[in-house]
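One structure below.
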Amino acid sequence: MQNYLTPNFAFAPMIPERASGNRVWDTEGREYIDFSGGIAVNALGHCHPALVDALNAQMHKLWHISNIYTTRPAQELAQKLVANSFADKVFFCNSGAEANEAALKLARKYARDRFGGSKSEIVACINSFHGRTLFTVSVGGQPKYSKDYAPLPQGITHVPFNDIAALEAAVGEQTCAVIIEPIQGESGILPATAEYLQTARRLCDRHNALLILDEVQTGMGHTGRLFAYEHYGVVPDILSSAKALGCGFPIGAMLAKEEVAAAFQPGTHGSTFGGNPMACAVGSRAFDIINAPETLHNVRRQGQKLQTALLDLGRKTGLFPQVRGMGLLLGCVLDAPYRGRASEIAAAALKHGVMILVAGTDVLRFAPSLLLNDEDMAEGLARLGNALTKFTATSDNP
Ligand SMILES: Cc1ncc(COP(=O)(O)O)c(C=O)c1O
């Protein structure tokens, strides 16, 4: 098929056409088990009937009205987020990058309003990923995503992830915010230690800085709790969400405590599509299902099973000795001889009818539907097993 899109994506050789639950079919009619969840987005699988109904119902009522007005779906979804988190207020946007952009702008404005313009430094982690806008690639700790776009926004310090001493040295009176992913997603499914997040909280309190947790990937049930911060005994001041929030319908959200949110007065920030009634209607219905105890229980149970099965596959094939992550957000860390080959392995899996992700070059990533059932998990693992066995048999490296 002729590609008319800009060449910044390397598309897979097959073209998905339709999907249902945990299964996807391509234009040739081939079936795939989806362990990738659209990169941690399709948290309720594909075309969940309740979400189709919610979208259908809203589609016949109101598509778009602008932020001159508020709408019932936007208030309803915001209410659910507030009632089930640390937050008092929600700002809606359309993506994870926009949610982080809002979070970072809010933190700068809050500090400027209260303490003056010199309190503007943002502390972020090396290897973190926060999105693709100029501000978020600059805050993100992977220079490969920002180096071509200089001059970059200033006032950002990067520290090694999970290094407490480095964090203590970096955070001071000049710091307006510390931003952390509770589990670094794109760079390898690497969980923060509890001590690290707790230290970040303590340092922010000591220096009047805000703690921003980026839960774009870890949020909305993926770790077995609604938000990953609940595992850590740490409460942020601001949290960003997107991906699974709309389960495939584009939506992002920034959640904040009341006194912090108050720095955003009319006209200080905005978005044409943010709070779109269709996105919020889908998000609101998705929220109820994701936040149901049985769904979160399924994530913990199936996550444990998937982790055990993957570890078994990793040991049998000699490909990976370690599986890390939480719930249904897992990463298989390739053993030394296979480092750098994650994409080749994901491509081999696709050929065998199973969609998996990579996180960096050394980790195979899994972010399937939170509703993953035994049958689809078993079928996906069987296909993956075949793919991995064939890969190691034909691999010229080790
Ligand atoms: C932790 C994290 N933050 C932000 C983003 C950016 O989200 P989006 O691509 O929706 O802008 C991502 C996307 O992968 C992410 O994993």
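See the values below:
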{"read-out": "Candidate residues THR70, THR27: accessible-area rank, largest first, probe 1.4 Å", "value": "THR70, THR27"}
{"read-out": "Surface per residue (accessible, 1.4 Å probe) for the range 1-160, Å²", "value": "56 Å²"}
{"read-out": "Overall Cα dimensions of the range 11-119 - principal axes, largest extent first, Å", "value": "60, 35, 26"}
{"read-out": "Percent RCO, i.e. relative contact order, over the range 90-158, from Cα pairs under 8 Å lying at least 6 residues apart", "value": "29 percent"}
{"read-out": "Local electrostatic count, ARG23, Cβ distance below 14 Å [Lys/Arg +1, Asp/Glu -1]", "value": "-4"}
{"read-out": "Rounded percent of accessible protein surface that carbon and sulfur make up, the chain, 1.4 Å probe", "value": "54 percent"}
{"read-out": "The range 320-398, relative contact order [Cα under 8 Å, separation at least 6], %", "value": "31 percent"}
{"read-out": "Area of THR175 that stays accessible when all protein chains are in place (1.4 Å probe, Å², to 10)", "value": "0 Å²"}
{"read-out": "Relative contact order %, the chain, counting alpha carbon pairs below 8 Å whose residues are six or more apart", "value": "22 percent"}
{"read-out": "Projected label distance in nm at ASP374 and GLU173, using a 7 Å step from Cα toward the beta-carbon", "value": "6.3 nm"}
{"read-out": "Coarse-grained scattering of the chain at q = 0.06, 0.11, 0.15 Å⁻¹, given as base-10 log I(q)/I(0) from a Debye sum over alpha-carbon atoms", "value": "-0.23, -0.80, -1.43"}
{"read-out": "Karplus-derived 3J(HN,Hα), 6.51/-1.76/1.60, for each residue of the range 367-373, Hz, glycine and proline x", "value": "9, x, 4, 5, 9, 3, 9"}
{"read-out": "In the chain, lysine pairs with alpha-carbon atoms under 19 angstrom apart (chain gap of 8 or more, or interchain)", "value": "13"}
{"read-out": "Positive-end extreme of charge dipole, the chain - chosen from HIS64, THR361, GLY29 (charges on Cβ)", "value": "HIS64"}
{"read-out": "Tensor-based shape of the range 195-285 (alpha-carbon gyration tensor, a/c under 1.5 rounded, otherwise prolate or oblate)", "value": "oblate"}
{"read-out": "Amide H within-cut-off set for VAL235, under 5 Å, with H built and near neighbours excluded", "value": "none"}
{"read-out": "Accessible area of the range 173-246 divided out per residue, in Å², using a probe of 1.4 angstrom", "value": "24 Å²"}
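The values are calculated or read from the model by the stated rules, or taken from the named source; none is laboratory data. For clarity, every value in this text was computed on a predicted model and none was experimentally measured. Neighbour counts run over all protein chains shown; Cβ positions are idealised from the backbone, glycine included. For accessibility, only protein heavy atoms count, side chains too; no ligands or nucleic acids. Shrake-Rupley method; radii C 1.70, N 1.55, O 1.52, S 1.80 Å.
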